[in-house]
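One structure is given below, encoded as structure tokens.
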Amino acid sequence: DAPGLLSFIHNRLDYKGYITGSEMVAQLISQCSWFIHVMPAIATLRANSQRVTELANAIENVQRPREFYQQTGRSDFSYASQNPVFGLTIQKLELAHQGEDATPFLSAANLRFRRGEWTFLKGESGCGKTSLIKAINGLWPYGRGTIVFPEGVTNFYAAQEVKLQQVSLKQLVCLPGSENDHSDTQVAAALHKAGLGDFIEHLADESREGKIWDQVLSGGQKQKLVVARIILQQPGLLFLDEATGALDPDGKIAFHQAIKDNCPNVTVISVMHEAVPPRSLSGEEFYHSVVAIADSVATKKPLAPSLPRELTTILTQPPRPTEDKWLRFRRLKQK
């Protein structure tokens with residue numbers, strides 16, 4: 001007890017009083033020591049309770065995403081449906097970042113994707129290709145515009161990164177649905193068409209050689225697994241967000257060919273690293289059109305000039321000699 005010791009030295013406090021005071025202070029400190037020891041725990045508890053409260057508020061807010069994002073920026077997207085004959089329509093679309101005064105980094109006045117059409121998104125890195133397909137799927141928070149989906153058509157969004165859960169191989173192929181939605185035969189057929197036929201006998205297994213499927217399959221094999229999902233579920237709208245990034249050139253061709261052969265009416269909108277989309281082994285184009293993004297504006301045009309099939313057939317026929325036809329006409333006239 002330093003204060004008591006100082007008084008004792010200057011004879012203002014006798015020895016008995018000094019000892020008694022020291023014992024009382026020591027007892028007080030001992031009784032209050034629990035508070036000193038639990039202070040860090042109290043601080044941790046307070047921080048954790050604050051985090052739980054913030055999480056609860058966030059969960060409550062995301063139940064109304066439009067109102068939630070409008071607190072930090074402009075979010076005025078509207079979604080509707082139309083006859084599937086008219087495909088997918090995008091009108092007066094503008095995408096922006098957070099902030100009320102944020103300038104749109106991408107705009108599209110009017111984009112239409114007909115049923116069965118394959119479209120390739122083209123533009124420099126960071127121009128907004130992925131943001132565009134996220135906005136179509138309701139995954140981009142800020143901006144405005146109208147997206148009209150074909151009625152009764154299911155969507156499938158395939159991203160570059162594929163994280164596999166610790167479930168059976170059959171369940172992985174059936175996601176996001178249930179493994180009870182499809183028979184083993186259907187799942188096996190989808191795996192075979194996707195190039196994963198070697199794993200068919202392991203449909204019921206959650207692991208192989210002690211490793212879960214996320215560790216067993218390579219990046220390219222995981223993307224082939226996505227192809228199996230697409231073939232199995234037959235979506236009407238397919239969004240490929242760099243979904244072939246882990247495949248070599250031949251693998252990219254096989255990826256597209258499997259979808260082309262097994263999903264004849266699917267509408268595909270794709271983002272890839274390549275500046276030019278792949279072609280089939282026979283040289284035919286997989287894609288019919290391209291959406292080019294330049295100077296923050298997205299415009300759509302045919303990938304190659306298209307002509308009616310009848311006119312294409314006529315143009316591919318060998319030409320007949322014009323002179324012979326003229327001479328034949330002269331002879332008929334003379335007769």
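The values are calculated or read from the model by the stated rules, or taken from the named source; none is laboratory data. The structure presented is a predicted model; accordingly, all values stated were derived computationally and were not measured. Positions of Cβ are backbone-derived with ideal geometry, glycine not excepted, and every protein chain shown enters the neighbour counts.
Residues considered: K129, K134. Of these, the only one that is surrounded by fewer than 20 Cβ atoms within 10 Å (Cβ to Cβ) and of a type outside the set (A, V, I, L, M) is K134. Of everything in the stretch 297-309 that is modelled with pLDDT of 95 or more and not basic (K, R), the residue that is farthest from A228 (Cα to Cα) is V297.
For beta carbons closer than 6 Å, sequence separation of 6+ or different chains, a first residue in the stretch 204-229 that is without any contact (Cβ under 8 Å) to a residue 60 or more places away in the chain and closer than 17 Å to L175 by Cα and a second that is crowded, with 19+ Cβ neighbours inside 10 Å and of a type in the set (V, I, T), the qualifying pairs are A228/V173. No other residue among E161, E201 is within 30 Å of P104 (Cα to Cα) and in the same structural domain as I269 (by TED's automatic domain parsing) apart from E161.
Given the criteria in the same structural domain as H273 (by TED's automatic domain parsing), touching a helix residue (DSSP H, G or I) at 6+ places or on another chain (Cβ under 6 Å) and under 22 Å from V290 (Cα atoms), does G123 qualify? The answer is yes for G123. Mind listing whichever residues of the stretch 67-80 are of a type in the set (S, T, N, Q) and either in contact with a Pro (Cβ under 6 Å, 6 or more places away or on another chain) or touching a residue at least 24 places away in the same chain (Cβ under 8 Å) (or both)? Within the stretch 67-80, T72, S75, S78 meet the criteria. For beta carbons closer than 9 Å, sequence separation of 6+ or different chains, a first residue in the stretch 47-66 that is closer than 30 Å to Y79 by Cα and a second that is exposed (fewer than 10 other Cβ atoms within 10 Å of the Cβ), the qualifying pairs are N61/Q71.
Might you check whether a residue that is more than 22 Å from P235 (Cβ to Cβ) and surrounded by 12 or more Cβ atoms within 10 Å (Cβ to Cβ) occurs anywhere in the stretch 188-199? Yes, the stretch 188-199 contains a residue that is more than 22 Å from P235 (Cβ to Cβ) and surrounded by 12 or more Cβ atoms within 10 Å (Cβ to Cβ).
To keep it simple, each residue is scored yes or no on (1) touching a helix residue (DSSP H, G or I) at 6+ places or on another chain (Cβ under 7 Å); (2) farther than 19 Å from V297 by Cα; (3) surrounded by 15 or more Cβ atoms within 10 Å (Cβ to Cβ).
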position: V52; (1), (2), (3): no, yes, no
position: Q82; (1), (2), (3): no, yes, no
position: E94; (1), (2), (3): no, no, yes
position: F149; (1), (2), (3): no, yes, yes
position: Y157; (1), (2), (3): no, yes, yes
position: Q166; (1), (2), (3): no, yes, no
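Among the residues of the stretch 81-108, the one identified as in a strand (DSSP E or B), free of Cβ contacts under 8 Å to residues at least 60 places away in the same chain and of a type in the set (G, A, S) is G99.
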